[in-house]
Amino acid sequence: MDTRVYARTSWPWAGAAVLLFWQTWFLCHVYATERSAVRWTCDSDGCGTDDLAGGALLFAALSAVGAVLRAAPFLGAAGAAGLAVLLAGLGLLVGREDDHAVVVAHGLVVLGALLLLAGTTRALRPTNPDRYRELYPELEPDTDGAADTGRDPARELDKDPAMAATTGATARAATGPVAEPGASRLPLRALLRLAVAPGTLGAAVLGAAAVAALVYGAFEGPRWLMMLGLNATLTLLVMLARLRLRHRPGVARGPVDPGRAAHAPAWLHSVRARGATFVFDLTVLPDAGPPYRIEVEHPLDLQDARTPRAAVVRHEPRRPWRVELPLRPPADTLARARAAARDAGGAPPAPRLRVPAPGTPAVLVAALLAAALLTVLAVT
């Protein structure tokens, strides 16, 4: 897994890292400019203050650590640490008087610049993909479109018995109608229905409020509103990133809602092994709507689909990217699938369905709501 695939599948990590870097600089700036005006209240239990500058340095250190952890997959550990230290040093230099702290701030700037330079130099070298597989074992290499490249991992497993024994099964390829290279379809109608769903609207309102509080607080509003919006936005970005971490654009998502499920016949193009699971490359033939091609992962070939080159899937018609292989498919639908597979030679190619990443409708609606809210605040 290289950094480009990581960024494409989990871009919210990058957004969270940027906000944490900015918060590191801001807190160091607050400490440098307002520490002398902090009023401390002391009693028998110790001293404390309500001013942000009193604990800004501690919060800045925690923010820097979080920024390094979030940015390390993109910049490398040395580059991320160097950027955090550099921003902290620059924040401490702003508004400082000529005292001993200036020496410390300059030292941090020099150290951060050196680390950032070392990290950048290392990042320009060829990347070893195994390094990211070790750091992020939950991420799999991007294999979207592998069936259209002429390279079939299933046949490679058949040729190499040792590799087949390692995966625990031999995947056998099956032929059928193939999608045209580059042909894909985005389920816009399904996305629009999902965008107005209550759950999507609720998440979008929270995201819009957090972003609006951050932007408005940074320019005109009180500082506490900015800090509240900043950390709320960070929390939502991390939650979104966790949802998107295992997303693959061409692989079906689950689970399928039993109340909305429908069975449909499908053609089987190929079966290949991916880790401990099989990847079934299918063209789904829904009762309503045009056929579409999608990949479904399952640990077993429940329906012996490789032999007749046909399968039955359970899917949600309103969310066509939710597809799974049922354990006991209806006999009539299975018969239709096998009949369709026998007549698949002259069938037109089906476009591959572009599976939207989790949270995509909520992000788009939140962006529109945030823009509208900021426009209202700006004109009033």
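The values are calculated or read from the model by the stated rules, or taken from the named source; none is laboratory data. All values reported here derive from a predicted model rather than from experimental measurement. Here Cβ is always computed from backbone atoms with ideal geometry, including for glycine, and neighbour counts include all displayed protein chains. Side chains included, ligands, DNA and RNA excluded: accessible areas come from the protein's heavy atoms. Shrake-Rupley method; radii C 1.70, N 1.55, O 1.52, S 1.80 Å.
Numbers for the structure displayed
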read-out	value
Neighbours by Cβ (under 9 Å, 6+ apart or cross-chain): first from the stretch 79-101, on the phi > 0 side of the Ramachandran plot; second at pLDDT below 90 and open to solvent by 20 Å² or more (accessible area, probe 1.4 Å)	G95/H29; G95/T33; G95/E34
Selection count where residues are part of a helix (DSSP H, G or I), farther than 24 Å from P255 by Cα and open to solvent by 30 Å² or more (accessible area, probe 1.4 Å), scope the stretch 337-364	5
Index of the failed condition, L282 passing every other in (1) closer than 21 Å to R342 by Cα; (2) surrounded by fewer than 17 Cβ atoms within 10 Å (Cβ to Cβ)	(2)
Yes/no for L20 being within 19 Å of M226 (Cβ to Cβ), aliphatic (A, V, I, L, M) and at pLDDT 95 or above	yes
Pick from the stretch 17-34, criterion over 18 Å from A71 (Cα atoms) and hydroxyl-bearing (S, T, Y), ranking: least open to solvent (accessible area, probe 1.4 Å)	Y31
Failed criterion for L243 (all others in (1) crowded, with 16+ Cβ neighbours inside 10 Å; (2) of a type in the set (A, V, I, L, M, F, W, C); (3) not in a loop (DSSP other than H, G, I, E, B) hold)	(1)
Per-region count, the stretch 187-224, residues closer than 27 Å to V355 by Cα, open to solvent by 50 Å² or more (accessible area, probe 1.4 Å) and in a loop (DSSP other than H, G, I, E, B)	1
Counted residues, the stretch 35-68 - those being open to solvent by less than 90 Å² (accessible area, probe 1.4 Å) and hydroxyl-bearing (S, T, Y)	2
Pair list, Cβ under 9 Å, 6 or more apart: the stretch 177-191 residue more than 9 Å from A350 (Cα to Cα) and at pLDDT below 65, other residue among the β-branched types (V, I, T) and in a loop (DSSP other than H, G, I, E, B)	P181/T149
Odd one out for V312, checked against (1) under 18 Å from D281 (Cα atoms); (2) open to solvent by 80 Å² or more (accessible area, probe 1.4 Å)	(2)
Selection count where residues are of a type outside the set (S, T, Y), part of a helix (DSSP H, G or I) and over 28 Å from the mean Cα position of the chain (by Cα), scope the stretch 28-75	14
Flag for W267 being surrounded by 18 or more Cβ atoms within 10 Å (Cβ to Cβ) and not basic (K, R)	yes
Where P290 falls short, out of the listed (1) touching a helix residue (DSSP H, G or I) at 6+ places or on another chain (Cβ under 9 Å); (2) open to solvent by 10 Å² or more (accessible area, probe 1.4 Å); (3) within 25 Å of P249 (Cβ to Cβ)	(1)
